[in-house]
Amino acid sequence: MMKIALTFLPFVVLLIACNSSNSNDDKNAADESISPAYQAYVKSLTARLQQSPDSAGLRLKLATVLDSVGNYKESLLQMDSLIIKDSANFGLWFTQGQIAEDAGDTMLAMHSYEMALHIYPSADAMISLANLYAEQKNDTALLICNQVRRLRLGREYDAHCAFISGVYYARTANTALALQSFDDCVANNYTYMEAYIEKGLVYFDSKQYREALKVFRFASSVNALDADPYYWQGRCYEMMSVKDSAILRFKQSLSLDKNSKEIKEALKRLEE
């Protein structure tokens, strides 16, 4: 599932008073995978929040930092504390939806976006919710995208709507409309990398590896610093039994995303 990156208007969070308990097991697990500098920053924010538990700003900042280091359980606990005190705040529900997506909790994310939309009909929340519906093969995604298009917010939102429509059609095996939608997306935003990847995957999943390779090659020319196009080029070469080229592309991908387990596994698979 690809999460759409959105730029949305800042929101106002009222000052609230609340307490939050820590999950030591979750915190320790997250600490093992983050840098000492980030660990120190999280501890600093936590200490400041203990001194000023009424600070909604500090609590929200801690939640977003915990999200960024993968400590989703604690991040969502902080968001729960905020929402209990200010359940009519659009921004809090929207942020909780974003964190829930990062955590892989689709149901919570959808619920959060729906609650946000009850408060304010934001196009960003609509787009985020539509993306999740598309992944579930639910045509509500198309209805929401049509609503957003009618708002005439510009090419950025048109690109998002075309991408989500493409995802829906790809997941429901409507290849022609999927390809058309992804083309519409990049026509509105030439650098929309997710659309190139999804378009390539339409061909890849139908075992048209040469066509997929063309798309992934073009994607790497659009953004030579993105690891994904090289990884998928490698997968195409792997499926075509061109081992040397596959290894080369996987190494290029790994040079741009050194922590990817998927890329490392691909190289191990071919170099054994």
Checklist entry - With the contact rule set at Cα under 8 Å and sequence spacing of 6 or more, what percent relative contact order holds for the chain? => result 10 percent
Checklist outcome for this item: Candidates 138, 89, 259; GNM for the chain (alpha-carbon contacts under 10 Å) flags as most fluctuating 259
Checklist entry - Build a GNM of the chain with springs between Cα atoms under 10 Å: which of 40, 170, 125 gets the top mean-square fluctuation? => result 40
Next on the checklist: I need the GluC sites (Glu not before Pro) found in region 48-148, filtered to DSSP loop residues with at most 15 other beta carbons within 10 Å of theirs.
Outcome noted: none
Next on the checklist: I'd like the carbon and sulfur percentage of the solvent accessible area for the chain, probe radius 1.4 Å, heavy atoms only, ligands and nucleic acids excluded.
Outcome noted: 51 percent
Checklist entry - In bins 10 Å wide, starting from 0, what share of all Cα pairs of region 72-116 does each bin hold, as a percent? => result 35, 59, 6
Checklist entry - Over all Cα pairs of region 24-163, how is the pair count split among 10 Å bins, expressed in % and running from 0 up to the last occupied bin? => result 12, 36, 29, 18, 5
Checklist entry - So how compact is region 182-228: Cα radius of gyration and Dmax in angstrom? => result 10.0, 28
Item to check | Which labelled figure in [x] -0.66, -0.87, -0.97, -1.28; [y] -0.74, -0.98, -1.08, -1.27; [z] -0.73, -0.90, -0.98, -1.21 is log10 I(q)/I(0) by the Debye sum over Cα atoms at q = 0.11, 0.13, 0.14, 0.17 Å⁻¹, once derived from the coordinates | outcome: [y]
Checklist outcome for this item: With the 8 Å Cα cutoff and a minimum separation of six or more residues, region 136-272 has a relative contact order in percent of 14 percent
Checklist entry - How many Å² of accessible area per residue for region 138-243, probe 1.4 Å? => result 49 Å²
Checklist outcome for this item: On each of the three principal axes the extent of the alpha-carbon atoms of region 204-272, given in whole Å and largest first, is 27, 27, 19
Checklist entry - Among the aspartates and glutamates, which fall within straight-line cross-link reach of residue 258, defined as a Cα-Cα distance under 14 Å, with same-chain neighbours fewer than 8 residues apart omitted? => result 226, 228
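The values are calculated or read from the model by the stated rules, or taken from the named source; none is laboratory data. Fair warning: this is a prediction, and the values are worked out from it, not measured in the lab. Here the Cβ is made from the backbone with ideal geometry for all residues, glycine too, and neighbour counts use every protein chain on show. For accessibility, only protein heavy atoms count, side chains too; no ligands or nucleic acids. Shrake-Rupley method; radii C 1.70, N 1.55, O 1.52, S 1.80 Å.
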